[in-house]
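Every number in this text was worked out from the coordinates using simple rules, so none of it is lab data. Here the structure is a predicted model, which is why all the values come from computation and not from measurement. Note: ideal-geometry Cβ built from the backbone for every residue, glycine included; neighbour counts use all protein chains shown.
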Amino acid sequence: MRISLVSQYFAPEPAKTSVSVARRMAARGHRVRVVTGFPNYPAGRVYPGYRQSLSFVEDDEPGVRIRRVPLVPSHSDNGAMRALSYLSFMVTALLGTSFARGADVTYVYASQPTGALAALVWRALFRTPYVLHVQDLWPESVTASGMVPSRAAGLVTRVIGALLRPVYRYAHALVVISPTMRDALVARGVAASRVHVVYNWSSDETEHRGAAPRAGHPCTVTYAGNLGAVQDLETAVRAARQVADELPGFRLLLVGAGTQAAPLRDLARGLDCVELRDPVPLLEMPSVYAETTFQLVPLKAVDLHGAIPSKLQSSLAAGLPVVCSAPGAASSLVADAQAGFVVPPGDVGALADAFRQAYACTPEQHERFASNARTYYLAHLSAAAGVARLERVLASALDPRPRHAPGREDDLR
């Protein structure tokens, strides 16, 4: 297949899914052209070595060519600036029209769906079908982010809903990251036959077994990642306070940075069983895994229709048992995998009980959880499994009718 891939973010940015799809599709023999912005995520500043221009083409790995388009670089908490960044890419992605001409199918990686405008236009011009990979369900993820004032949430919901209707209507298929998200789209009128579940995968699929319970190291529950409000780590610290005096050697380890780092340090003051560390590079994460008995996967009880914290995939891939305090799809995955303990989000008492269960876990139980986690990941959540499903969805969009013939410079070879 000749695939046009549209994503606001791409390598060298940490855009693991879109990059993985492009490179793995190319490795499978497909020809991939990427329309993306100039790299600026996560700092919101264009990377050194890049200068925004109207015509910039570069090669990634063999089989993947990139057309970069200018955009407003921003990843701040300012809702207006973030919206301007998304909208600018929505418009400038159209500069890649001739670059995408001649494709068999367009794949839109929609962490935000604004890139789908280009796919709609190419469908009209070249009859190129497109597949939309929905990562976050809009408008819910926008209104739940806190960037939209509550008084404007209703208007934002109506406007985004109206804009998304044609995007969903004309897509050959929609790919979602959980069954819960699929059910939400079906409830909005999308035919169930057009919605396919493909779970996100971990960027590191190496097995990293943690620290099994043993004398002198009974239990360390670790969270490593963004210390933000949506992670609801305050509940974890309060739960640790409840068990601090009854579980000798229990430790809650929080590794990372974010807006809640300072409040969490204040909340944990005086608690010897809670340790906060600065973030570590990915290459050093195995040393963190080595002292981890259970990985904590938390998420606030907000209605994001099936959002799954990426921490879950990385935990299962590593073969780490999980304490999951997240709503919906994440908890269902852990329960299906039999990879640890599941509690309702935001429930301090229930999470404290899960810490007690983790502490009481025998080496044999821990090994069973670890083995289940790794086995389930490889079968259902791995990159190989996910890309194979995506390939089948993209292939189903191929139209036997002849397309507008590409010019020499537009040939996707």
Starting from the Cα coordinates of the chain, work out the convex hull volume and express it per residue in Å³.
-> 137
Extension length gain for ARG269 and ARG127 (0.36 nm per residue less Cα distance), in nm, is 45.0 nm
The chain - mean residue ellipticity at 222 nm from DSSP helices (-39,500 (n - 2.57) per run, n ≥ 4, rounded to 500) | -11000 deg cm²/dmol
Ranked output for segments 207-214, 311-318, 45-52, 229-236 by mean other Cβ atoms within 10 Å, highest leading, reads 311-318, 229-236, 207-214, 45-52
Please compute P(r) over all alpha-carbon pairs of segment 261-355, binned at 5 Å starting from zero, and give each bin as a whole-number percent.
-> 2, 12, 20, 22, 22, 16, 5, 0
Taking Cα atoms, the helix 363-376 axis meets the longest principal axis of the chain at an angle in degrees (rounded to 10) of 10
Rounded to 0.05, the calculated FRET efficiency for the beta carbons of ASN78 and LEU398 at R₀ = 51 Å is 0.75
Quick one: what are the phi-derived ³J(HN,Hα) couplings along segment 382-388, Karplus 6.51/-1.76/1.60 with θ = phi - 60°, whole Hz, x for glycine and proline?
-> 6, 4, 4, 5, x, 5, 4
Mean Cβ-within-10 Å packing, highest first, puts peptides 361-373, 168-180 in the order 168-180, 361-373
Rg and Dmax [Cα atoms of segment 219-381; Å; Rg one decimal, Dmax integer] = 14.4, 43
Just need the relative contact order of segment 219-381 here, percent rounded to a whole number, with Cα pairs under 8 Å and 6+ apart.
-> 25
Segment 9-98: D in µm²/s via Stokes-Einstein (Kirkwood Rh, Cα pairs, 4 °C, 1.567 mPa s)?
-> 95
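Could you give the length gained by full extension between ASP278 and ASP336, i.e. 0.36 nm per residue of separation minus their alpha carbon distance, to one decimal place?
Values: separation 58, 0.36 × 58 = 20.88 nm, distance 3.29 nm.
Result: 17.6 nm gained on full extension.
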Which far-off residues, 5 or more places away or on another chain, put their amide H under 5 Å from the one on SER178, with H placed in the peptide plane?
-> VAL198
Approximate spin-label separation ALA388-VAL197, in nm, with each point projected 7 Å along Cα-to-Cβ | 1.8
The answer for VAL255, listing residues at least 5 apart or on another chain whose modeled amide H is closer than 5 Å to its amide H, is TYR223, ALA224, GLY225, ARG277
Computed over the chain: longest principal axis from alpha-carbon atoms vs helix 16-27 long axis, angle to nearest 10 degrees, is 60
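Within a Cβ distance under 15 Å of PRO70, other residues only, what is the Lys/Arg minus Asp/Glu net charge?
The answer is +3.
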Which residues' amide hydrogens lie under 5 Å from the amide hydrogen of PHE56, considering only partners 5 or more residues apart or on another chain, with H built in the peptide plane?
-> ARG68
